[in-house]
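Novice: Before anything else, here's the structure in question.
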Amino acid sequence: MKPVKFEDANGELTAPGCGKLPVIQTRDNCLVSCWEMSEKEKKEFEKTGRIWLSVISLKHPPVCLSVEKPYAIATDEEKSDENE
């Protein structure tokens, strides 16, 4: 899989030996990235229905995998309501 740039991204994560990872940091400090499967990966997923997640860490942080955008962007009206 490869990371995908997306319209709502408001930052990038970087690490030695890795490319840039576009992310959105939500108001509740959740970092969300978007990934795209190659045709080969799509076929394997259709066959197995599985996605493997690897995290380089001594502790496993909370994570979420989703096929739908797991955040909402506040509309201008919602933003003005919050500022009142």
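Novice: With contacts defined as alpha carbon pairs under 8 Å and 6 or more residues apart, what's the relative contact order of the chain in percent?
Specialist: Numbers: 64 pairs, mean separation 18.2, N = 84.
Relative contact order of the chain: 22 percent.
Novice: Tell me, what HN-Hα J-couplings in whole Hz come from the Karplus equation 6.51 cos²θ - 1.76 cosθ + 1.60 at θ = phi - 60° for each residue of the range 6-15, using x for Gly and Pro?
Specialist: In residue order, the calculated couplings are 9, 3, 7, 4, 10, x, 9, 9, 9, 8 Hz.
Novice: 5 Å is the cut-off here: which amide hydrogens, built 1.01 Å from N in the peptide plane, fall below it relative to residue 12, excluding neighbours closer than 5 in sequence?
Specialist: 23
Novice: Something else about it: Let me confirm the definition first: pairs of Lys residues in the range 2-82, 8 or more apart or on different chains, C-alpha distance under 17 Å. How many are there?
Specialist: Numbers: 2/20; 2/40; 2/42; 2/43; 2/69; 5/20; 5/69.
Lysine pairs, 8 or more places apart or on different chains, close enough: 7.
Novice: Working out 0.36 nm times the residue gap between residue 40 and residue 27, then minus their Cα-Cα distance, what length gain in nm do you get to one decimal?
Specialist: Values: separation 13, 0.36 × 13 = 4.68 nm, distance 3.55 nm.
My answer for the length gained is 1.1 nm.
Novice: Could you size up the charge dipole of the range 1-78 around its Cα centre, putting +1 on the beta carbon of Lys and Arg and -1 on that of Asp and Glu, and report it in debye to the nearest 20? Write down the numbers at each step before the final one.
Specialist: Values: 11 positive and 13 negative charges, 123 e Å.
I would put it at about 600 debye.
Novice: Could you quote the convex hull projected area for the chain, Cα atoms only and averaged over all directions, in nm²? Each step should come with its number before you reach the end.
Specialist: On the way: hull surface 31.0 nm².
Mean shadow area of the hull around the Cα atoms is 7.8 nm².
Novice: Could you give the angle, 0 to 90 degrees to the nearest 10, between helix 39-48's Cα long axis and the longest principal axis of the Cα atoms of the chain?
Specialist: Compared with the principal axis, the helix lies near 80 degrees.
Novice: Residues with beta-carbon under 15 Å from that of residue 48, excluding residue 48: net charge, scoring Lys, Arg +1 and Asp, Glu -1? Before the final figure, lay out each step's value.
Specialist: Details: positive: 40, 42, 43, 47, 50; negative: 41, 44, 46.
Its environment carries a net charge of +2.
None of the figures in this text is laboratory data; all of them are computed from the coordinates on show. Note that the structure is predicted; figures quoted are calculated from it, not measured. Cβ sites come from the backbone with ideal geometry, for glycine too, and all protein chains shown count toward neighbours.
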